[in-house]
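One structure below.
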Amino acid sequence: MRTIAITGAATGIGAAMKRHLESEGHRVIGVDIRQSDIIADLSNAQGRQSAIENLKSVADLDTLITCAGLGSHVPDKAAIASVNYFGSTELVTALAPILAARDGKVVMISSNSAPQSSDPTFVDLLLSGDEEAARQRATEIEGHPVYSGSKLAVARWMRRQCPEFARSGLRINAIAPGYIETPMTAAVANDPTYGAAIKKFVESIPVGRPGRPEDIASVVAFLLSPAADFICGSVLFVDGAHDAMMRPDVV
């Protein structure tokens with residue numbers, strides 16, 4: 001059994017993963033801004049450092065799932081950049097040596113909207129590690145490019161770091177969920193700016209239904225199992241064939 005930390009564990013996909021993994025007998029430590037085992041605000045450096053220090057004290061920690069995220073509807077677009085990207089990559093970087101020493105695994109939550117990113121400057125600023133500049137750029141563009149760009153940067157960062165992590169004993173992958181019914185996506189669907197587009201987006205899902213948090217939780221459980229030990233550096237789309245429909249020739 002593993003000792004697993006999940007950011008964003010209080011609601012939505014994170015909460016579903018926590019329930020699922022605990023039902024399999026794993027020890028799960030939730031990290032969130034409220035109603036969690038470790039309370040931390042990942043939108044700023046101090047909050048991220050607090051989360052890291054608390055997690056370093058967890059006995060036998062061997063797994064990290066970075067699920068905390070903000071949607072495109074959030075008015076504070078700079079916070080989307082900080083939580084979605086830096087709130088993931090900084091925790092993985094800081095905890096990687098501990099996890100690697102315990103044959104660890106990391107799963108980062110990206111999105112199937114990542115390939116729709118339309119502002120390469122924003123993505124490059126994230127990947128450069130310049131949080132101040134990335135936050136400034138986020139205020140200059142629309143919410144969807146901020147969200148999709150942050151999730152693209154997460155996937156690219158994972159791929160770039162993966163070989164070195166793998167050599168150290170740490171397996172890292174990312175999941176790209178499609179539209180999943182959660183409190184966050186409900187807020188986006190009810191937003192006057194995005195509501196109509198979201199309705200069309202959901203209706204176009206090839207399998208005929210939106211995703212459920214449990215759909216993601218079960219895939220994460222597989223990636224953490226011994227059966228997935230040779231999977232490393234993958235971005236796995238769990239989206240009801242949406243990405244295949246939109247990008248049929250990309251492999």
Next item on the list: Name, by its number, the condition in (1) touching a Leu at 6+ places or on another chain (Cβ under 9 Å); (2) of a type in the set (A, V, I, L, M, F, W, C); (3) assigned to a helix (DSSP H, G or I) that does not hold for residue 16.
Entry: (1)
Note to self: Residue pairs, Cβ under 9 Å, 6 or more apart or interchain, first in the stretch 186-204 and farther than 11 Å from residue 73 by Cβ and free of Cβ contacts under 8 Å to residues at least 60 places away in the same chain, second among the hydroxyl-bearing types (Ser, Thr, Tyr) and outside any helix (DSSP H, G or I). List them.
What the structure shows: 201/179; 202/179
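Could you list all residues from the stretch 139-189 that are polar (S, T, N, Q) and at pLDDT below 95?
From the stretch 139-189, those polar (S, T, N, Q) are 139, 148, 150, 161, 168, 173, 182, 185; that's our starting set.
Listed by number, the residues that qualify are 182, 185.
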Next item on the list: Check off (1) outside any helix (DSSP H, G or I); (2) touching a residue at least 60 places away in the same chain (Cβ under 8 Å); (3) of a type in the set (D, E, K, R) for residue 159 and give me the number that stays unchecked.
Entry: (1)
Next item on the list: Tell me which of these residue 146 doesn't satisfy, since it passes every other one: (1) more than 18 Å from residue 84 (Cβ to Cβ); (2) of a type in the set (A, V, I, L, M); (3) in contact with a Lys or Arg (Cβ under 6 Å, 6 or more places away or on another chain).
Entry: (1)
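Being modelled with pLDDT under 95 and either out of contact with any strand residue (DSSP E or B) (no Cβ under 6 Å at 6 or more places or on another chain) or on the phi > 0 side of the Ramachandran plot (or both) narrows it down to one of 8, 47, 12, so name that one. Show your work before the answer.
Details: 8 fails: modelled with pLDDT under 95; 47 fails: modelled with pLDDT under 95.
Within the list 8, 47, 12, the selection yields 12.
Given 148, 117, 128, which one is surrounded by 19 or more Cβ atoms within 10 Å (Cβ to Cβ), farther than 27 Å from residue 221 by Cα and of a type in the set (S, T, N, Q)?
Values: 148 fails: farther than 27 Å from residue 221 by Cα; 128 fails: surrounded by 19 or more Cβ atoms within 10 Å (Cβ to Cβ).
Every option except 117 fails the conditions.
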Notebook entry, point to check: Are there any pairs, at least 6 apart or on different chains, whose C-beta atoms fall under 6 Å, with the first in the stretch 1-23 and surrounded by fewer than 22 Cβ atoms within 10 Å (Cβ to Cβ) and the second of a type in the set (A, V, I, L, M), and if so, which?
Noted result: 3/61; 12/184; 20/217; 20/221; 22/28
Item checked: Any hit, the stretch 58-73, residues being in contact with a His (Cβ under 8 Å, 6 or more places away or on another chain) and within 25 Å of residue 117 (Cα to Cα) -> yes
Next item on the list: For the stretch 235-251, enumerate the residues that are in contact (Cβ under 8 Å) with a residue 24 or more places away in the chain, among the hydrophobic types (A, V, I, L, M, F, W, C) and part of a loop (DSSP other than H, G, I, E, B).
Entry: 241, 250
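Among the listed residues 101, 94, which satisfies the condition of being under 17 Å from residue 165 (Cβ atoms) and either buried (at least 21 other Cβ atoms within 10 Å of the Cβ) or in contact with a helix residue (DSSP H, G or I) (Cβ under 8 Å, 6 or more places away or on another chain) (or both)?
Working: 101 fails: either buried (at least 21 other Cβ atoms within 10 Å of the Cβ) or in contact with a helix residue (DSSP H, G or I) (Cβ under 8 Å, 6 or more places away or on another chain) (or both).
Being under 17 Å from residue 165 (Cβ atoms) and either buried (at least 21 other Cβ atoms within 10 Å of the Cβ) or in contact with a helix residue (DSSP H, G or I) (Cβ under 8 Å, 6 or more places away or on another chain) (or both) holds for just one of 101, 94, which is 94.
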Check: Looking only at the stretch 78-100, which residues are touching a Leu at 6+ places or on another chain (Cβ under 9 Å) and more than 20 Å from residue 31 (Cα to Cα)?
Finding: 100
Item checked: residue 182 being more than 21 Å from the chain's Cα centre (by Cα), hydroxyl-bearing (Ser, Thr, Tyr) and under 26 Å from residue 81 (Cα atoms) -> no
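The values are calculated or read from the model by the stated rules, or taken from the named source; none is laboratory data. Remember, it's a predicted structure, so these values are computed and weren't measured experimentally. Neighbour counts are summed over all protein chains in view; Cβ atoms, including those assigned to glycine, are modelled from backbone coordinates with ideal geometry.
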